[in-house]
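Okay, so here's the structure we're looking at.
The values are calculated or read from the model by the stated rules, or taken from the named source; none is laboratory data. Please read all numbers here as calculations on a predicted model, not as lab measurements. Cβ coordinates were reconstructed from backbone atoms using ideal geometry, including for glycine residues, and neighbour counts include every protein chain displayed. Just the protein is used for accessible areas: all its heavy atoms, side chains included, with ligands, DNA and RNA removed. Shrake-Rupley method; radii C 1.70, N 1.55, O 1.52, S 1.80 Å.
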Amino acid sequence: MASLRPFLSVSPFSHAPKRTRFANVLNAPSPSASSLPFKLVAARKRFVVRGDAVVDAGTTASIGDLKDDDDQAVILGPATDEELSGGSTVEYDWTEEWYPLYLTRDVPEDAPLGLTVFDKQLVLYRDGTGELRCHEDRCPHRLAKLSEGQLIDGKLECLYHGWQFEGEGKCVKIPQLPSDAKIPRTACLRTYEVRDSQGVVWVWMSLEKPPTLKKIPWFDNFERPGFRDNSTIHELPYDHSILLENLMDPAHVPISHDRTDFSARREDAQPLGFEVTERTNRGFAGRWGRAKEPALSNFLRFEAPCVLQNNREIPNEKGAVDYFTGLFLCRPTGQGKSMLIVRFGSTRSSLLLKLLPSWFIHQNACKVFEQDMGFLSSQNEVLMREKVPTKELYLNLRSSDTWVLEYRRWMDKVGHGMPYYFGHATISLPKLPAVVEHAPVGLVAGASASAPAKGGIGTMHSPNLSNRYFRHIIHCRSCSNVIKSFQTWNKALSAIAVTLVALAILVSGRQWKALVLLSAALCCGGAYACSAIVALNTTNFIRTHRRL
């Protein structure tokens, strides 16, 4: 959250470039909808089905009966008759897009990695030459997950029967075949194209159409001289659209993250100003800032399917410009699940960020997402239970929720090309039930099926999305190494302390006893500090007002 400070404060040196003003277009409802308050009313709604989408076909109550000028002054309502009826749609295919899979630096070099995009399960790994490879995560033999396998001389091996596959997906070894038999040509894997761009691995999800390289997102600030970023990756237990909404919502930061660091304080909650400067079939962009300030100094851009960036330019005392970026890459990983790559960076050098170890910044990021987790998960549950568009449930304020409304209206345009979605005026429910993994039959089965790499019952490694270790640590090479190091030091210092206490018993001189016992006490203190650091990195944040 320390990196949010440039976006939550307004510098007196900030200058917003000349821009076209679309704010009035967004905030002012059309005459045909001017008397319709955006709130829940006791009116019967009628829905029709268009393809797989449920579309609002209007209300049976009289529009005049719903007039409420006070609500209209503060709540965003439908802007046009087209939006009231679901809006126009555009051609869109969710597979013909690049999705952020992982931070390149954290891709394991000695093991395959299982990932998902919507309901498609993928396995990512490095072959014998170090090249990134990605396939469908199932063996053609008996559908076992290849991500549960291992790498043998750069080949991907299924641990069920030992079938091996080379980088292009061709099967090169079947131990059960006779020596004179040929490997069937159909024993191959579906292969997905991957690219490494600016430190992120991207995957093209279409198997029919070749990848469009120009669609890979490019971020100018990350190429500027002196630009440094701190990047983390997190698995989260709510839908990617809920995640994007949350990241588009600067108004919640002072309340939800009060005193998480010096950039968030409850007393700073206030009205915000928004200005939409661009709308396309691939997203939208605009400026925002504190409503009382004349210049909206933050620039936000959402780009299909899952890229959100928040940029700011601040002139410094040398006459140059410092560039700040908050980049959020949100990958849908299934119903009620998502994975986020978050990258905060700037061209301004910060002494504090240089002094703080990366593990401390990472655990603070984990705390921020845990502060949001409870209410975002409940929001996800309500959407799935109510099964209606968000305009029937949300009260979007003009002074805080402009980006949320823009995003849900964009979903109305393209949602028909996704496996499922919740738009402002339309929805398309999932056609397949959610798959729940890691659900053993019973306690004994769970204990016996818990491999050390995945953790066991009652440990910090327990494989569920409510666990910080499972959400972040196993995906972050640096944090994982730090925890292993501190655990090793904890054991070593504890052993030394016990040895020193035993030595103190044996020595005869009083001064020597005091010195040895003091050394033992210092070792105990060091062991405790190591244990505390491990706990800080692996223990979930819990609000103090919650009953435990």
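At a Förster distance of 41 Å, what's the computed FRET efficiency of residue 173 paired with residue 354, Cβ-Cβ distance as r, to 0.05?
It comes out at approximately 0.25.
Extension gain, residue 506-residue 280: 0.36 nm per intervening residue step, less the Cα-Cα distance, totals 73.4 nm.
The slack in the chain from residue 545 to residue 206, taken as 0.36 nm per residue of separation less the alpha-carbon distance, amounts to 117.3 nm.
Report, in listed order, any pair from 387/431; 120/337; 145/337; 337/431; 215/391; 120/431 with a Cα-Cα distance greater than 21 Å.
Numbers: 387/431 13 Å; 120/337 13 Å; 145/337 19 Å; 337/431 16 Å; 215/391 31 Å; 120/431 14 Å.
Checking Cα-Cα distances, 215/391 exceed 21 Å.
Ellipsoid fit via the Cα gyration tensor, segment 98-204: semi-axes of 25, 14, 11 Å, each the root of five times an eigenvalue, largest first.
Among the trypsin sites (Lys or Arg not before Pro) in segment 270-309, which ones are in a DSSP loop with at most 15 other Cβ atoms within 10 Å of the Cβ? Mind listing them? Could you put the intermediate results ahead of the total?
Numbers: sites: 279, 282, 287, 290, 292, 301; in loops: 282, 292.
Of the trypsin sites (Lys or Arg not before Pro), the ones in loops of segment 270-309 whose Cβ has at most 15 other Cβ atoms within 10 Å are 292.
Provide the gained length on full extension for the span residue 105 to residue 216, in nm with one decimal, where the gain is 0.36 nm per separating residue minus the Cα-Cα distance.
Values: separation 111, 0.36 × 111 = 39.96 nm, distance 1.85 nm.
Additional length available on full extension: 38.1 nm.
For 543, 266, the ranking by accessible surface with the largest value first comes to 266, 543, using a 1.4 Å probe.
When the square roots of the Cα gyration tensor eigenvalues are ordered a ≥ b ≥ c, the ratio a/c for segment 463-540 is 1.5 or more and a/b exceeds b/c, which makes its shape prolate. Which residues in segment 491-506 place their backbone N less than 19 Å from a point set 7 Å from the Cα of residue 518 along the Cα-to-Cβ direction? So the set is 497-506. The accessible area of residue 299, taken with all protein chains in place and a 1.4 Å probe, comes to roughly 50 Å².
Can you tell which of 244, 207, 183 lies farthest toward the positive end of the dipole of segment 167-250, using +1 and -1 charges on the Cβ of basic and acidic side chains (Lys, Arg; Asp, Glu)? The listed residue farthest towards the positive side: 183.
When the square roots of the Cα gyration tensor eigenvalues are ordered a ≥ b ≥ c, the ratio a/c for segment 217-428 is 1.5 or more and a/b exceeds b/c, which makes its shape prolate.
Ordering 253, 482, 498 from largest to smallest accessible area (1.4 angstrom probe), what's the sequence? Intermediate values should be presented prior to the final figure.
Numbers: 253 10, 482 35, 498 100 Å².
Largest to smallest exposure gives the sequence 498, 482, 253.
For segment 202-252 versus segment 469-548, the inter-centroid distance based on Cα atoms is 38 Å.
For residue 313, the accessible area of its heavy atoms, probed at 1.4 Å with every protein chain present, is near 110 square angstrom.
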